[in-house]
Amino acid sequence: MRTLVMIMAGGASEDLSVLTKVRAEAAIPFGGKFRIIDFALSNCVNSGLYNVALLTQYMPRPLNEHVGVGKPWDLDRSQGGVRLLQPYLGPGQTSGWQRGTADAVRHNLDFVAEQRVDTVLILAGDHIYKMDYRPMLRFHQQSQADVTVAVRRVSPFETHRFGIVSVDGDMRVVGFKEKPRRSRETLASMGIYVFNTTALTDILADDSLNDFGRDVLPAILSSYRVYAYPFEGYWADIGTLQAYWEANMALLAETPALDLYDPEWVIHTRSEEQPPVQVGGNAWVGGNLLSNGCIIEGIVERSVLSPGVQVEAGA
């Protein structure tokens, strides 16, 4: 089964305040030396998927500079590899701006057709998680689904942040509500979708469907075979400052839920050329993640520092 991966990396988030003032959400630093996009890209190559397209729009330059030709992820390839797809104007178009995740893919259906693939795996570029996509692709094939949605259980108090899925006994999706104020169901869409290429092309022919969660899923449940694939591992949607802070601080736990040191599932990134951490003779550090190039002269406790941060004496 030939698969093209399309990563939605064009968004900004008002809920992340100044963090997205100069960069797209996918380019925000995380865990010291990483960027959020590193997790989706690393999941792809660790899953053996090397045909990847990155769909950008808002403030793309930091993201473009970070990803480059994809060398840190072994995606600098003559066949496949990573391609950065920017908004553009075509014949008869008055605006190249994308109105949502589905509209972003619609703008690039000519690129999808050129790839001659059976399925398209659509990912959010702003989530922190480690996931092998191959079992989901097998589930999609075995279920004879047109569309498969990755889902996981969330707290009943968090359902208002997500698209909530209802399923029958065979995991076929029978209902979908986008960010309901209240919900008895707690299966949340992870923003990860597998589409058969023909189904994707047919669905996006309706140009009123601009967002996969808000528009596409509710519209296709009666006419397409849509299934939910349950995911049990670590996953964090860090679309708010509180969620972003909590996910970073969770890395300082004695046994963090997200293991960044797993040799079996390496998170790759473009490392900055910086010297080792320097800790001064009068400095005090404890329980931190310190990135290369940091110079510590003061007190640093339970903190996550990005590359090149300096903490002066007395701070």
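The values are calculated or read from the model by the stated rules, or taken from the named source; none is laboratory data. None of these values were measured; they are calculated from a predicted model. Glycine also receives a Cβ, built like all others from the backbone with ideal geometry; neighbour counts cover every protein chain displayed. Side chains are part of the model used for accessible areas, which takes the heavy atoms of the whole protein and leaves out ligands, DNA and RNA. Shrake-Rupley method; radii C 1.70, N 1.55, O 1.52, S 1.80 Å.
So the values come out like this:
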item	result
Which listed residue is in contact (Cβ under 8 Å) with a residue 60 or more places away in the chain and open to solvent by less than 40 Å² (accessible area, probe 1.4 Å), from Leu221, Leu241, Leu290, Leu305	Leu305
Test set (1) in a strand (DSSP E or B); (2) open to solvent by 20 Å² or more (accessible area, probe 1.4 Å) - His160 fails condition number	(1)
Boolean, Leu89 is closer than 30 Å to Gly32 by Cβ and either at pLDDT below 90 or assigned to a strand (DSSP E or B) (or both)	no
Candidate set from region 61-70 (those that are farther than 21 Å from Trp265 by Cα and in contact with a strand residue (DSSP E or B) (Cβ under 8 Å, 6 or more places away or on another chain)); member that is most open to solvent (accessible area, probe 1.4 Å)	Val69
Residues of region 71-104 satisfying the condition of being loosely packed, with under 14 Cβ neighbours inside 10 Å and in contact with a Leu (Cβ under 6 Å, 6 or more places away or on another chain)	Gly96
Search result, residues across region 244-286 that are of a type in the set (Gly, Ala, Ser), open to solvent by 40 Å² or more (accessible area, probe 1.4 Å) and touching a residue at least 24 places away in the same chain (Cβ under 8 Å)	Ser271
The listed residue being out of contact with any Phe, Trp or Tyr (no Cβ under 6 Å at 6 or more places or on another chain), closer than 20 Å to Ala243 by Cβ and at pLDDT 90 or above, out of Asp38, Asp15	Asp38
Residue match in region 77-98 (condition: of a type in the set (Phe, Trp, Tyr) and more than 17 Å from the chain's Cα centre (by Cα))	yes
